[in-house]
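A quick write-up on the structure given underneath.
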Amino acid sequence: MRFKTWRHELPLHLMLLPALVFLAVFSYWPMVGIIIAFQKFYPTKGFFGSEWVGLQNFLYVYHLPDMLQILYNTVFIAVMKIAAGLVVPIAVALLLNEMARERIKRTVQTLIYLTHFLSWVILGGVLIDVLSLKGIVNDALGLAGIQPIYFLGDNRWFPYVLVATDTWKDFGFGTIVYLAALTGIDQTLYEAAVMDGAGRWRQTLTITIPGMMPVIVLMTTLSLGNVLNAGFDQVFNLYSPQVYASGDIIDTFVYRIGLIDAQYSVATAVGLFKSLVSPLLISVSYGLAYRFAGYRIF
C-alpha cells in the first residue's frame, strides 16, 4: 500500500523538486557567507582561507562613533512609517466606505493605488525635482511668504520627508486591504444600529472599527517585524552626505562599508545582527497580538 501511495505521489514530488533546488541554491547556499562576519575576509583567500577573528567585527561595529545614531535613525524612521502606514490607510478606507457613488469611489481607489507600482528610482527623481529649492513645493511656499525649505538637505526635515513620501506611495495598498475587511462586516449590524438611533460616527466606533480589528491587528503584527527596515530603496535614492546625521540607516550603512569601502566582514556582521533581531521582533509582536487581541495568524 505504501509503495502504491509513493508511486502515485511521485509526480507531485518531482514537480516540487525544481522549486526546492531553486530555494537551496539561492536561499540556503548563500547563507554560508555568514561566516564572513567572524573572519577578516579577503576575496582572494575565500571563505575557508581567510583569518578567523571571532567577535572582533561585532566589537568594532559596537565602538563606531556613529553606530548609535544609525540605530536611532533606523528605529525612528521605521516606527514613524509603521504608525503612518496604519493610521492613514484606515482613515482613507473609512472615508471611501462612506462615499455613496461607486464610480467615484473606484476612481479614487485606483488613483491612490497607482503609486504603489512605481519604483523609488522613478519617484526619487520626481521628488528631488518637486522638493528642491526651486521646486513646485518651495514655489508655493514662497507665494505664501515662507522661506524656501531644503527638504532633502536639512536634517530637521529629512526624516519626516521620508515618512511622508513613503506613506504617500504605499497607503493605497493598505487602503484596499482595509476596504476588503469592511466588506466582511455583517450589514445587519448597521441596520440594527440605525433602528437604535445610532449615527454614522457611532456606527463607525461600535461596528466598523471593531469589525476591522482582526485585520488591523494582523497588519500591525506583520509590520512590527520591519522595525529595523527603514526602507533602503527610498533612503538610497533621496539621501546625501548632508543628511547622514538624520537619514543614515543600517541598510545604507552596510552598503557604504560593504560595497564602497570593501569592508565585507564588518558589513556582514551588521547584516547578521539585523537578521537575528528581526525574527525576534516578529515573535514578540505575534505574542502580543495573541495576548491582547486573541488573534492568531496560523
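Assorted remarks:
- Selection within the range 11-35: residues that are open to solvent by less than 100 Å² (accessible area, probe 1.4 Å) and not hydrophobic (A, V, I, L, M, F, W, C). The member of this set that is nearest to A269 (Cα to Cα) is G33.
- Candidate set: the range 223-234, residues that are farther than 11 Å from S278 by Cα and not polar (S, T, N, Q); chosen: the one modelled with the lowest pLDDT: A230
- Residue list for the range 61-115, filter: open to solvent by 40 Å² or more (accessible area, probe 1.4 Å), over 24 Å from the mean Cα position of the chain (by Cα), touching a residue at least 24 places away in the same chain (Cβ under 8 Å) and more than 17 Å from F173 (Cβ to Cβ): E98
- All of (1) at positive phi; (2) surrounded by 12 or more Cβ atoms within 10 Å (Cβ to Cβ) hold for G145 with one exception: (2).
- Filtered by the rule that a residue be under 23 Å from the mean Cα position of the chain (by Cα) and in a helix (DSSP H, G or I), the range 242-256 gives V243, Y244, A245, S246, G247, I250, D251, T252, F253, V254, Y255, R256.
- Only one of the listed residues (T204, T188, T167, T208) is assigned to a helix (DSSP H, G or I), open to solvent by 70 Å² or more (accessible area, probe 1.4 Å) and not aliphatic (A, V, I, L, M). That residue is T188.
- Taking the range 150-172 as the range and being closer than 22 Å to F236 by Cβ and in contact with a Leu (Cβ under 8 Å, 6 or more places away or on another chain) as the test, the residues that pass are Y150, F151, L152, F158, V161, L162, T165, K169.
- Breaking point among (1) charged (D, E, K, R); (2) modelled with pLDDT of 85 or more; (3) surrounded by 13 or more Cβ atoms within 10 Å (Cβ to Cβ), for D129: (3)
- Criterion violated by N57 - all others in (1) assigned to a helix (DSSP H, G or I); (2) within 27 Å of the chain's Cα centre (by Cα); (3) not basic (K, R) satisfied: (2)
- Among the residues making up the range 257-274, those that are of a type outside the set (V, I, T) and either in a helix (DSSP H, G or I) or surrounded by 18 or more Cβ atoms within 10 Å (Cβ to Cβ) (or both) are G258, L259, Q263, Y264, S265, A267, A269, G271, L272, F273, K274.
- Selected residue (criterion: farthest from the chain's Cα centre (by Cα)) from residues of the range 191-201 that are part of a helix (DSSP H, G or I) and without any contact (Cβ under 8 Å) to a residue 60 or more places away in the chain: M195
The values are calculated or read from the model by the stated rules, or taken from the named source; none is laboratory data. All of these numbers come straight from a predicted model, not from anything done at the bench. Here Cβ is always computed from backbone atoms with ideal geometry, including for glycine, and neighbour counts include all displayed protein chains. Calculation scope for accessible area: heavy atoms of the full protein, side chains included, ligands and nucleic acids excluded. Shrake-Rupley method; radii C 1.70, N 1.55, O 1.52, S 1.80 Å.
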